[in-house]
Amino acid sequence: MKFRRTATAAAAVLSLSLTATACGSGDDDKIKIGIKFDQPGLGLKTPDGKYQGFDVDVAKYVAKELGYDEKDIEWKQAPSAERENMLSRGDVKFIVATYSITPERKEKVSFAGPYLLAHQDLLIRADDNSIKDVKDINSKKLCSVTGSTSAQNVKKDFAPDAELQRYNQYSQCLTGLENKNLDALTTDDSILAGYAAQDKHKGKFKLAGLQLSDENYGIGIKKGDKDLQTKINKALQKMIDEGAWDKAVKDNFGPANYKNEPAPQITEKG
């Protein structure tokens with residue numbers, strides 16, 4: 001009797017172990033990727049629940065090279081101020097969300113790439129001709145998002161006397177600009193071009209044409225994950241070499257006549 005009870009118990013443990021393994025295997029087949037949900041041309045969640053933009057195309061390509069089909073991707077919204085926290089907590093495998101590589105951020109996370117070179121600029125109303133030079137910014141009401149390098153650059157380097165509003169999303173800034181409560185939305189020209197190209201905004205806004213900074217977009221990963229960094233760098237280089245990078249640029253920025261820089265050299269390697 002004792003042998004039977006022992007055998008039965010062992011069988012039960014084995015059954016539970018196999019069940020747990022089977023349940024866990026489903027998670028291994030999925031990958032969580034952080035993107036922006038509110039940036040046309042880069043990372044946008046559409047009303048029908050789909051995702052589109054240059055960052056999305058880059059993320060899908062990288063995921064494919066890591067062994068994941070598009071159906072295996074679980075998209076996570078990655079606000080600027082939360083990106084480092086999401087990576088450190090392990091909420092996502094990597095983040096492709098207009099994430100500029102900076103020394104300050106590299107103290108908290110690692111990067112692969114860069115995969116795009118953008119420049120900080122201003123989006124202004126189409127009939128506004130008052131901003132022609134960086135010195136004109138100081139007297140303006142500007143807007144950017146919390147946690148972005150653009151907001152930091154304005155107060156530190158370009159316009160310390162400007163009135164700067166910070167919101168959680170660029171779309172909130174855009175509303176203020178359209179309502180004339182703000183004079184300009186400042187962030188990277190790639191992001192601004194995406195907004196200006198939207199059907200509902202065509203003819204309303206324009207880029208000021210000021211290249212205020214160089215912003216190298218990188219793919220954020222958990223600090224010190226060199227193996228993942230190497231794999232993503234390899235995927236990015238393949239995307240560039242086979243022409244998929246150029247196609248993604250044309251597909252997502254073409255309607256805005258965005259003058260993009262060539263694909264940058266991949267430099268983040270350790």
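The values are calculated or read from the model by the stated rules, or taken from the named source; none is laboratory data. The structure displayed is predicted, hence computed values, not measured ones. Positions of Cβ are backbone-derived with ideal geometry, glycine not excepted, and every protein chain shown enters the neighbour counts. Accessible surface areas use protein heavy atoms only, side chains included; no ligands, DNA or RNA. Shrake-Rupley method; radii C 1.70, N 1.55, O 1.52, S 1.80 Å.
Between Asn129 and Gln169, the FRET efficiency from the beta-carbon distance, with R0 = 30 Å, is close to 0.60.
Computed from the alpha carbon positions, the gyration tensor of the stretch 149-195 leads to an equivalent ellipsoid with semi-axes of 17, 14, 9 Å, biggest first. For the residue pairs Lys45/Lys200; Lys141/Lys202; Lys45/Lys231; Lys135/Lys156; Lys140/Lys259; Lys156/Lys223, the alpha carbons lie more than 20 Å apart in Lys141/Lys202; Lys45/Lys231; Lys140/Lys259; Lys156/Lys223.
Maximal additional length on extending the Asp246-Lys108 stretch stands at 46.6 nm, based on 0.36 nm per residue less the C-alpha distance. Percent of Cα pairs in the stretch 119-270 per distance bin of 5 Å, from zero to the largest separation: 2, 9, 17, 19, 17, 14, 11, 8, 4, 1, 0.
When you filter the chymotrypsin sites (Phe, Trp or Tyr not before Pro) in the stretch 161-199 for DSSP loop state and at most 16 other Cβ atoms inside 10 Å of their Cβ, nothing is left. Seen against the Cα atoms of the chain and their longest principal axis, helix 2-28 is set at about 20 degrees. The mean accessible area for residues of the stretch 123-270, using a 1.4 Å probe and ignoring ligands and nucleic acids, is 52 Å² per residue. Rolling a 1.4 angstrom probe over the chain with all protein chains present gives an accessible area of which 48% lies on carbon and sulfur atoms. In the complete set of protein chains, residue-level accessible area for Glu163 is approximately 90 Å², probe 1.4 angstrom. Summary of packing: across the peptides 58-64, 79-85, 110-116, the per-residue average of other C-beta atoms within 10 Å ranks them, highest first, as 110-116, 58-64, 79-85. Helix 244-253 sits at what angle to the longest principal axis of the chain, using alpha carbons and giving 0 to 90 degrees rounded to 10? For helix 244-253, the angle is close to 50 degrees. The orientation-averaged projected area of the convex hull spanned by the Cα atoms of the chain comes to 17.9 nm². Placing +1 on the Cβ of every Lys and Arg and -1 on the Cβ of every Asp and Glu, with no other charges, gives the stretch 95-150 a dipole of roughly 140 debye about its Cα centre.
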